[in-house]
1. What is the distance in Å between the Cα centres of region 1-80 and region 375-404?
2. Which residues among region 23-60 fall inside the zone where the amide N is under 20 Å from a point 7 Å beyond the Cα of residue 15, along Cα→Cβ?
3. 7 Å from Cα along Cα→Cβ at both residue 176 and residue 22: what's the point-to-point distance in nm?
4. Which order results if 424, 311 are arranged by neighbouring Cβ count within 10 Å, fewest first?
5. Could you tell me what percent of the DSSP beta bridges with both partners in the chain are antiparallel, to the nearest 5?
6. Measure nothing but the geometry: give the 0 to 90° angle between the long axis through the Cα atoms of 422-443 and the longest principal axis through the Cα atoms of the chain, rounded to 10°.
7. Neighbouring Cβ atoms within 10 Å as the yardstick, rank 107, 155 fewest first.
8. Which one of 383, 355, 261 has the biggest mean-square fluctuation once the chain is modelled by GNM with Cα springs under 10 Å?
């Protein structure tokens, strides 16, 4: 479920409502003014807004009218400690779902929130596979030792035999860009180097919000971006997936600020690795072994969730359920039983024409989207022929494999995911990393 947004200029009231709702399992974001809240709507649509009438600058009733124009079915509960019955009636007539007087009473608050969310009118595009915004993932980062353990592997470290080059267009920027892949020595890892000489490691600790040691974080859902505080590299997920499945542990990637996106899949990166050749190195890898189940999200069919569990080998099971032409799709990939290069790598990114058009108007994506996505409109694919009937869920697995490799190790375990995008994927990787740290600290 999308977050509940609380807009109130009194920090104590906002945090109190937020804590109450979080205790009931809701995700919340608090804003103290109308403008910061309105700007956040470029990246997400709330499931409910709790809106104070008296706000600095633009007041609540003015904001209510703007919200009605932008999100006609969005439930909005107005709040005030000073308004009389006339103001309450005016708010309801203006389109508010309900009205509450301050001080708020716990039982009344929870009843109204539940009622507003349950009775929200359905909308035709509610279930569209948009990847333009953010995801909020909550998970306890304090993990007991023994859940994930790093052990020695019999697999050698690997790098490339020679330099190779690939040019294309940036998915988000729409500009021409390219990469040069070069061999690296043992224990060097996956290293991105920007044109100005900045080094960024292809690791979970290079995510922009990694240093935030809070249980609830916002993650970009539209791509995986690495950041060293001075420079960033975007859309690394497909390339990381190829490194993972080909066992490349040491490689230098010279890049501008975005990995090129050819057709929205990983196929061209597979061809690039074949062109470079792979060289085994005189050192062994390590593998992260899942000892106990660990996950993010509520395991309900209608909710996003992802978890890792013990398994002898590596396997991913992914489920998606979107509006037509996608519907419900479930796919399980095991590299020991199937071919990554044939079954997963060619699966392309996808989105709706409406989502792409809106994102381009907002300046969030470039022209790269139009030529590198399966584009859907009014329940049909409008720009291409599908490579597989279930290409959509296969692409989600491609993204997930790339995000999992941010852990810095191959994984021995089964990953089960439901409707996740990069945000939840990255949240799971962070939990796995914290679990490894916890186990390491106990051993030392």
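1. Region 1-80 and region 375-404 have Cα centres separated by 34 Å.
2. Counting backbone N atoms under 20 Å from the label point, the list is 23-34, 36-37, 50-52, 56.
3. Inter-label distance under the simple model: 4.9 nm.
4. 311, 424
5. Percentage antiparallel, nearest 5: 60.
6. Once rounded, the angle reads 70 degrees.
7. Taking fewest neighbouring Cβ atoms as first place, the list is 107, 155.
8. Its mean-square fluctuation being the largest, the pick is 383.
Every read-out reported here was derived from the displayed coordinates using simple, explicitly stated rules and does not represent laboratory data. Note that the structure is predicted; figures quoted are calculated from it, not measured. Heads up, the Cβs are rebuilt from the backbone with ideal geometry, glycines too, and the neighbour counts pull from every protein chain shown.
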